[in-house]
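Participant: What follows is a single structure, and I will ask about it in a moment.
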Amino acid sequence: MTLVIVAVVVVLVLVGLCFWQFNKLRKLSINVDEGFAQIEVQLTRRADLIPNLVETVKGYAAHEKSVFDSVTAARAALNSAKSDHSVTDTAAAESQINTAIANVIAVAEAYPDLKASTNFLQLQEELTSTENKVAFARQYYNETVRQVNTAVATAPSMFFAGIANVSKREFYEVPDVSQRQAPDVDLNGAG
C-alpha cells in the first residue's frame, strides 16, 4: 500500500513539473512577443512624428526633395517590416528611419530660424522621448529573448521546449553605427 502511495506521489510530482515547465516556457514566449510588439509600437509612434517634423522643415528648406523622399521611403519600409513581423527586417527599417531623421535634422541645423521655432523644438523633444522609449523597448525585448533562449538551452526546460512549441528567438540588433553613412545634405538648392 505504501509503495502505491509513493508511486502516485512521484507521478503527481512529475506531472506537476511538466505543467510548470510547459507554462513557464509559454509565458516566456509570450513575453518575447509582447516585447517585440512594444518595439513596433514605439517605431510607429516615431514614424508618425516624422511627417510633422518634415513639414516643419519643408517650410524652410523646400529644395531638399531627396531628403524628404528618403523619409517617405523609410516609413514605407517600416510599414512593410511590421506586416512581416520579422526582427531583422524591422531592425533594418529602423536603421533606415534613423538615417532619414538624421538627414532631416542636418537640414534643420542649417536654418537658425527653424532651430528656434517652438514647433520644431517641441517635435524634437517628442522625438527624443520616443527614441528613449524605443531603446527601452529594445532592451526589454532582448532581455526576454535571453530568458527564452536560456530556458530552451538548459535542463529541465529544454525537454519541454518542443511540447510547448517554444524555440530560440532572434535578438534585436540595430546595425552598427559605424556602418551608417553620414547624412548627405545639399544646401545649395540642387536637391
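Participant: Using the Karplus curve 6.51 cos²θ - 1.76 cosθ + 1.60 with θ = phi - 60°, work out ³J(HN,Hα) for each residue of region 157-163 in order, rounded to whole Hz, and write x for Gly and Pro.
Facilitator: With the stated coefficients, region 157-163 comes to 4, 4, 6, 10, 4, x, 5 Hz.
Participant: I would also like to ask the following. Label region 19-117 by shape, choosing from rounded, prolate and oblate, from the square roots a ≥ b ≥ c of the eigenvalues of the Cα gyration tensor; if a/c is under 1.5 it is rounded, and otherwise prolate applies when a/b is larger than b/c, oblate when it is not.
Facilitator: prolate
Participant: Would you calculate the volume per residue, in Å³, of the smallest convex hull containing every Cα atom of the chain?
Facilitator: 114 Å³
Participant: Around Leu28, with a cut-off of 13 angstrom between Cβ atoms, what is the net charge of the other residues, counting Lys and Arg +1 and Asp and Glu -1?
Facilitator: With Lys, Arg at +1 and Asp, Glu at -1, the net is +3.
Participant: Right, another one. Whole angstrom only: what separates the Cα centroid of region 74-145 from the Cα centroid of region 1-39?
Facilitator: Computed from Cα coordinates, the inter-centre distance equals 40 Å.
Participant: For region 43-101, state which trypsin sites (Lys or Arg not before Pro) are in a DSSP loop and have at most 14 other beta carbons lying within 10 Å of their beta carbon.
Facilitator: Loop-located and lightly packed - none at all.
Participant: For Ser86, which sequence-distant residues (separation of 5 or more, or a different chain) have an amide H within less than 5 Å of its own amide H, given hydrogens modelled in the peptide plane?
Facilitator: Correct list: empty.
Participant: For Lys82, list the lysines whose Cα falls under 29 Å from its own Cα; do not include residues on the same chain fewer than 8 positions away.
Facilitator: Lys24, Lys27, Lys58, Lys65, Lys133, Lys168
Participant: Which far-off residues, 5 or more places away or on another chain, put their amide H under 5 Å from the one on Phe171, with H placed in the peptide plane?
Facilitator: Under 5 Å from the amide H of Phe171: no residue qualifies.
Participant: So what is the 222 nm mean residue ellipticity for the chain from helices alone, if each DSSP H run of at least 4 adds -39500 (n - 2.57) and you divide by all residues, rounding to the nearest 500 deg cm²/dmol?
Facilitator: Helix contribution divided over all residues of the chain: -26500 deg cm²/dmol.
Participant: Any idea what the relative contact order of the chain is, in percent, if you count C-alpha pairs under 8 Å spaced at least 6 apart?
Facilitator: It comes to 37 percent, rounded to a whole number.
Every number here is computed from the coordinates shown, using simple stated rules; none is lab data. This is a predicted model, so every value here is computed, not measured. So basically every Cβ, Gly included, is an ideal-geometry build from the backbone, and we count neighbours across all protein chains shown.
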